[in-house]
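The values are calculated or read from the model by the stated rules, or taken from the named source; none is laboratory data. Being a predicted model, the structure only gives us computed values, none of them experimental. For neighbour counting, all protein chains shown are included, and Cβ atoms are generated from backbone atoms with ideal geometry for every residue, glycine included.
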Amino acid sequence: MIRFDRAFLHGRVVAVAVEELADAALDELHPDERARALVLAPMRGREWVAGRRALRRALASVATDPALSAPALLADDRGAPVVPRGAVGSVSHKRALAVALAALDAGWTIGVDLEVLGPRRIDVSRRVLTAAELAALADVSGPGRDRAVILAFALKEAIYKAVDPHLKRYVGFQEVAVWPAADGSAGVTPVEPWGLDVEAAWAEIDGYVVCTARARPTDR
Ligand SMILES: CC(C)(COP(=O)(O)OP(=O)(O)OC[C@H]1O[C@@H](n2cnc3c(N)ncnc32)[C@H](O)[C@@H]1OP(=O)(O)O)[C@@H](O)C(=O)NCCC(=O)NCCS
């Protein structure tokens, strides 16, 4: 079931419910995707299928050429979804929802991340935030702090997916600071230069935060 399909700053985002694998959902897949889904563990298969359905729909939303949404959307050797030449795409899933971000290829790689908002039992701020980000939150506690940490986490995961095609290595959470603003924009400051232009944005939808990012070489 499609939960939403909307334009974001960095492309089209489509959200699909993660459901039991039924024939109707499997029938939407390319045969190679169906084969992939059926060898995954059940929960992983459900989220993978929901992500592929979301990605195919997002690609169809940004391009009238069916060649951009018809081929098998498998994964590259780093785990990122492979989309047809001419487009870029990214996938995230959390609990009952999967989202995909797609855009026409304009020289940017893109990333999306989805997280559930709400109180957290464990404070992961020291793992997720840089010293500067921690200092900015020094006077914030309770739900406001949980929310800020979740938002920073999601922005950084979206950024990771956007920068990984360029950097092709693990990027730690301490390697970049993010500065979300109330209007849905977010500043991005890598601690050491990446040689990339990086943008990020966020939106709260139905108790989730959806973050998007894009990246391209600075000297292009
Ligand atoms: C890869 C990673 C971002 C996935 O995040 P997650 O919260 O575990 O899971 P999500 O549901 O949000 O995303 C999973 C999707 O990410 C995508 N993905 C996996 N590896 C990827 C990569 N190297 N590049 C881009 N996308 C990738 C896949 O589409 C995957 O879903 P699928 O296998 O069903 O297609 C995370 O596991 C990771 O390794 N992060 C690295 C550290 C980091 O985020 N640093 C932040 C500082 S920049």
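Each row is one residue, and each column tells you yes or no for (1) in the same structural domain as GLY195 (by TED's automatic domain parsing); (2) among the charged types (D, E, K, R).
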position: SER61; (1), (2): no, no
position: PRO66; (1), (2): no, no
position: GLY79; (1), (2): no, no
position: ARG126; (1), (2): yes, yes
position: THR130; (1), (2): yes, no
position: PRO143; (1), (2): yes, no
position: ALA152; (1), (2): yes, no
position: ILE159; (1), (2): yes, no
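Within the span defined as region 154-169, every residue fails to be out of contact with any Lys or Arg (no Cβ under 9 Å at 6 or more places or on another chain) and either more than 14 Å from the ligand (Cβ to nearest atom) or at pLDDT below 95 (or both). The residue that is surrounded by the fewest Cβ atoms within 10 Å (Cβ to Cβ), among those in region 119-149 that are away from the ligand (no atom under 12 Å from the Cβ) and among the β-branched types (Val, Ile, Thr), is ILE122. Restricting attention to region 84-104, the residues that are more than 8 Å from the ligand (Cβ to nearest atom) and outside any loop (DSSP other than H, G, I, E, B) add up to 10.
For region 48-76, the set of residues classified as assigned to a loop (DSSP other than H, G, I, E, B), within 12 Å of the ligand (Cβ to nearest atom) and not acidic (Asp, Glu) consists of LEU73, LEU74, listed by residue number. For region 158-170, the condition of being loosely packed, with under 14 Cβ neighbours inside 10 Å, assigned to a helix (DSSP H, G or I) and without any contact (Cβ under 8 Å) to a residue 24 or more places away in the chain holds for none of the residues. One residue is enough: does region 30-45 have a residue meeting the conditions in contact with a Leu (Cβ under 8 Å, 6 or more places away or on another chain) and part of a loop (DSSP other than H, G, I, E, B)? So far as region 30-45 goes, yes, one or more of its residues are in contact with a Leu (Cβ under 8 Å, 6 or more places away or on another chain) and part of a loop (DSSP other than H, G, I, E, B). In region 5-25 there is at least one residue that is buried (at least 19 other Cβ atoms within 10 Å of the Cβ), more than 11 Å from the ligand (Cβ to nearest atom) and more than 21 Å from LEU104 (Cα to Cα).
Selection within region 112-155: residues that are outside any helix (DSSP H, G or I), without any contact (Cβ under 8 Å) to a residue 24 or more places away in the chain and of a type in the set (D, E, K, R). The member of this set that is nearest to VAL188 (Cα to Cα) is ASP139. Is it the case that region 28-44 has a residue that's under 30 Å from GLU204 (Cβ atoms), under 14 Å from the mean Cα position of the chain (by Cα) and among the aliphatic types (A, V, I, L, M)? Scanning region 28-44, I find no residue that is under 30 Å from GLU204 (Cβ atoms), under 14 Å from the mean Cα position of the chain (by Cα) and among the aliphatic types (A, V, I, L, M), so the answer is no. Set side by side, the residues GLU28, GLU33 differ, and just one is in the same structural domain as ALA75 (by TED's automatic domain parsing) and within 15 Å of the ligand (Cβ to nearest atom), which is GLU33.
None of LEU55, LEU29 is under 11 Å from VAL99 (Cβ atoms) and buried (at least 18 other Cβ atoms within 10 Å of the Cβ) except LEU55.
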